[in-house]
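Scroll down for the structure; my scribbles are underneath it.
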Amino acid sequence: MRTPLSRKIILLFLPMTTISLVLGTLVYSGLSGIRLANHQISMLKDFQLQIKELEILQASMPLLDHHDYPEKFNSALVKTRETMHELIRLHWNLPHDLTLRLESLPDFMESYSRASMELHQLYIIDRRFPGKNHALLNWLNTRADDLELMVEQNIFHQFLDQLHNLSDLQLKIFHGRETSGFSELKKVKQDLAQLIDNTEILAIVDQFVANLEGNYLNYLSIKDRKEFLRKAADRFFQVSADSILVIEKENEKIRRFLIWAVIGITFLAV
């Protein structure tokens, strides 16, 4: 029994048509995958840019009015959180350890936000400090006028010298952040206690020194929060950079496959 010509044609072209359809479906799927991957990369880069904007805000924190920073920071943080949660909601074809690092970002973001606001409060305290000790020095200088009538001239001049020392040491410790100034402060306190017997003046001197010590501890806390924020930002950048690298490698594999698929379809067409 002879096979009809039309059937022969169908049987001849059916395998090629099937292969073309399969390759065409794979090409479409590959292009969709590349589109999604490019969207993911774009979002990751947006996330990096938003983290950089938060860092710039933090760097300008000492210069901003203390009422302005929380509003600006929270506004920028809202956008960063939205991007971060959208990244996590997307389907990711990432290694397990990298997926876990990506999913841990919200917890780090909460710590990052809290540390930033703590740093803001520490800067406010640091900014207010000079006024507190300036008021104490003014008080001591005012009492010096009264003291001049109560003690010998050489003692009075020594007292004034020690007040100048207190002012100089504040510059050294507060502006220069030199801890050696604390041992010098201790000596000034001892010299003043030997010089005059006035509990009120000595109590103010004690408060002056205590304020400087408290301010230095506040400065150390500022350093600690800044270091934490730097490491947290580095973590955000590293996770996003590692994710981009993995996605780009997968994209390259898909591109190579698509090239061979197109070559195959072209060959079949010919």
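The values are calculated or read from the model by the stated rules, or taken from the named source; none is laboratory data. The model shown is predicted, which means the values in this text are computed figures rather than measured ones. Cβ placement follows ideal geometry from the backbone for every residue including glycine, while neighbour counts extend to all protein chains displayed.
This table checks each residue for (1) under 18 Å from LYS231 (Cβ atoms); (2) hydroxyl-bearing (Ser, Thr, Tyr).
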{"site": "LEU98", "(1), (2)": "no, no"}
{"site": "ARG101", "(1), (2)": "yes, no"}
{"site": "PHE108", "(1), (2)": "yes, no"}
{"site": "SER111", "(1), (2)": "yes, yes"}
{"site": "MET117", "(1), (2)": "yes, no"}
{"site": "GLN121", "(1), (2)": "no, no"}
{"site": "ILE125", "(1), (2)": "no, no"}
{"site": "LYS132", "(1), (2)": "no, no"}
Exercise. What are the pairs, 6+ residues apart or on separate chains, where a residue within region 169-189 that is of a type in the set (Ser, Thr, Tyr) has its Cβ under 9 Å from a residue that is in a helix (DSSP H, G or I)?
Worked result: THR179/ILE173; THR179/TYR216; SER180/LYS172; SER180/ILE173
Exercise. Of the conditions (1) within 43 Å of the chain's Cα centre (by Cα); (2) loosely packed, with under 14 Cβ neighbours inside 10 Å; (3) free of Cβ contacts under 8 Å to residues at least 40 places away in the same chain, ASP146 fails just one. Which one is it?
Worked result: (1)
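Answer yes if at least one residue in region 147-154 is modelled with pLDDT of 90 or more and either aliphatic (A, V, I, L, M) or outside any helix (DSSP H, G or I) (or both), and no otherwise. Lay out the reasoning, then the answer.
First, pick out the residues of region 147-154 that are modelled with pLDDT of 90 or more: none.
For region 147-154, residues modelled with pLDDT of 90 or more and either aliphatic (A, V, I, L, M) or outside any helix (DSSP H, G or I) (or both): absent.
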Seminar exercise, completed: Counting only residues that are over 19 Å from ALA59 (Cβ atoms) and acidic (Asp, Glu), region 191-247 contains a total of 6
Seminar exercise, completed: Among residues of region 129-141 being among the aliphatic types (A, V, I, L, M) and touching a helix residue (DSSP H, G or I) at 6+ places or on another chain (Cβ under 8 Å), the residue surrounded by the most Cβ atoms within 10 Å (Cβ to Cβ) is LEU140
For this session: For ARG128, indicate whether it is over 20 Å from the mean Cα position of the chain (by Cα) and without any contact (Cβ under 8 Å) to a residue 40 or more places away in the chain.
Result: yes
For this session: Report yes if some residue within region 142-157 is under 20 Å from LEU212 (Cα atoms) and either touching a helix residue (DSSP H, G or I) at 6+ places or on another chain (Cβ under 8 Å) or among the aromatic types (Phe, Trp, Tyr) (or both); otherwise report no.
Result: no
Exercise. Taking the condition within 27 Å of ARG128 (Cβ to Cβ) and not in a helix (DSSP H, G or I), does GLU178 pass?
Worked result: yes
Problem set entry | Lone qualifier among ASP97, ASP126, ASP107 - being surrounded by 14 or more Cβ atoms within 10 Å (Cβ to Cβ), part of a helix (DSSP H, G or I) and among the charged types (D, E, K, R) | ASP126
Seminar exercise, completed: Over region 86-118, the set of residues farther than 26 Å from ASP68 by Cα and polar (S, T, N, Q) is ASN93, THR99, SER104
